[in-house]
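The structure under discussion appears below in the form of structure tokens.
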Amino acid sequence: MVFQAPSLFPWLTAFENVSLGVEKVYPHANKTERDDIVEYYLTRVGLGDSLFKKAGDMSNGMRQRVGIARAFALSPKLLLLDEPFGMLDSLTRWELQEVLMEVWQRTQVTAIMVTHDVDEAILLADRVVMMSNGPNAKVGKIEEINLPRPRTRQSLLQHPDYYKYRESLLTFLAECDKAH
């Protein structure tokens, strides 16, 4: 799981935070193999130079990268992401979306992501499940996103169906707002 606010041990380094889970998931691997897994995923998320930096001394963007590296390093069958980019600046958000798509392209892990960002949903998803508002939220509409992969922000904006998907999602959200 990747949370909106990174949940790391601040007194541990990026490497140690990821290692905690890797040691449990790969008990039969030797230390070198486990260390290679940790280093690989931290490098993939752009933290190759910060492996031994304490989480408490990192920016929110760096901490979120550690959380994403940890999630992928555990080789999950299902990855849950709860607004993972919500508290990040736009540039970091875009970079991490790219990282997420790149690592997903290799692992093909099933991912369920909660987001309130329509463009992020279209960029990342194969299927968008829209929910109604409120404590009794229900599935309101399911939109299949049939756009070619790999996707980039640029190719998305140039694809004629992008605006159709965007309009569909925004219309549903506007109708939900009117109902409440």
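The values are calculated or read from the model by the stated rules, or taken from the named source; none is laboratory data. Given the structure is predicted, the values throughout are model-derived calculations rather than measurements. Positions of Cβ are backbone-derived with ideal geometry, glycine not excepted, and every protein chain shown enters the neighbour counts.
Take G56 and tell me if it is part of a helix (DSSP H, G or I), among the small types (G, A, S) and surrounded by fewer than 18 Cβ atoms within 10 Å (Cβ to Cβ).
Answer is yes for this residue.
Return yes when G46 is modelled with pLDDT under 95, surrounded by fewer than 20 Cβ atoms within 10 Å (Cβ to Cβ), in the same structural domain as S90 (by TED's automatic domain parsing) and assigned to a helix (DSSP H, G or I) and no when it is not.
no
Yes or no: R65 of a type outside the set (F, W, Y), surrounded by 15 or more Cβ atoms within 10 Å (Cβ to Cβ) and either at positive phi or within 13 Å of the chain's Cα centre (by Cα) (or both)?
Criteria met by R65.
Just a yes or no: is a residue in segment 84-92 in a helix (DSSP H, G or I), in contact with a helix residue (DSSP H, G or I) (Cβ under 8 Å, 6 or more places away or on another chain) and surrounded by fewer than 17 Cβ atoms within 10 Å (Cβ to Cβ)? Working first, answer last.
Going residue by residue through segment 84-92, those that are in a helix (DSSP H, G or I) are 90-92.
Within this subset, residues satisfying the condition of being in contact with a helix residue (DSSP H, G or I) (Cβ under 8 Å, 6 or more places away or on another chain) are 92.
After this cut, where a residue has to be surrounded by fewer than 17 Cβ atoms within 10 Å (Cβ to Cβ) as well, the list is none.
Looking for residues that are in a helix (DSSP H, G or I), in contact with a helix residue (DSSP H, G or I) (Cβ under 8 Å, 6 or more places away or on another chain) and surrounded by fewer than 17 Cβ atoms within 10 Å (Cβ to Cβ), one finds none in segment 84-92, hence no.
Where residues in segment 13-26 are farther than 22 Å from M87 by Cα and aliphatic (A, V, I, L, M), which of them is surrounded by the most Cβ atoms within 10 Å (Cβ to Cβ)?
V22
Return a yes/no flag: does segment 143-157 have any residue that is touching a Cys at 6+ places or on another chain (Cβ under 7 Å), surrounded by 11 or more Cβ atoms within 10 Å (Cβ to Cβ), on the phi < 0 side of the Ramachandran plot and not aromatic (F, W, Y).
So far as segment 143-157 goes, no, none of its residues is touching a Cys at 6+ places or on another chain (Cβ under 7 Å), surrounded by 11 or more Cβ atoms within 10 Å (Cβ to Cβ), on the phi < 0 side of the Ramachandran plot and not aromatic (F, W, Y).
If I ask for residues that are of a type in the set (D, E), over 27 Å from Y26 (Cα atoms) and within 10 Å of the chain's Cα centre (by Cα), which ones from segment 72-97 would you list?
E83, the sole residue that qualifies.
Does A29 meet the test of being buried (at least 16 other Cβ atoms within 10 Å of the Cβ), not in a strand (DSSP E or B) and not β-branched (V, I, T)?
Judged against the criteria, A29 is not a match.
Here is a list of conditions, (1) surrounded by 13 or more Cβ atoms within 10 Å (Cβ to Cβ); (2) modelled with pLDDT under 85; (3) more than 18 Å from the chain's Cα centre (by Cα), and W104 meets all of them except one; can you say which number that is?
Checking W104 against (1) surrounded by 13 or more Cβ atoms within 10 Å (Cβ to Cβ); (2) modelled with pLDDT under 85; (3) more than 18 Å from the chain's Cα centre (by Cα), the one that fails is (3).
Mind listing just one residue for me: the one in segment 114-129 that is aliphatic (A, V, I, L, M) and surrounded by 18 or more Cβ atoms within 10 Å (Cβ to Cβ) and, of those, nearest to T171 (Cα to Cα)?
If we take residues in segment 114-129 being aliphatic (A, V, I, L, M) and surrounded by 18 or more Cβ atoms within 10 Å (Cβ to Cβ), then V118 is nearest to T171 (Cα to Cα).
Can you pull out the residues in segment 100-148 that are within 19 Å of G67 (Cβ to Cβ), of a type in the set (A, V, I, L, M, F, W, C) and assigned to a strand (DSSP E or B)?
A111, I112, M113, V114
Within segment 146-180, work out how many residues are aliphatic (A, V, I, L, M) and either in contact with a strand residue (DSSP E or B) (Cβ under 6 Å, 6 or more places away or on another chain) or at pLDDT below 85 (or both).
Result for segment 146-180: 1.
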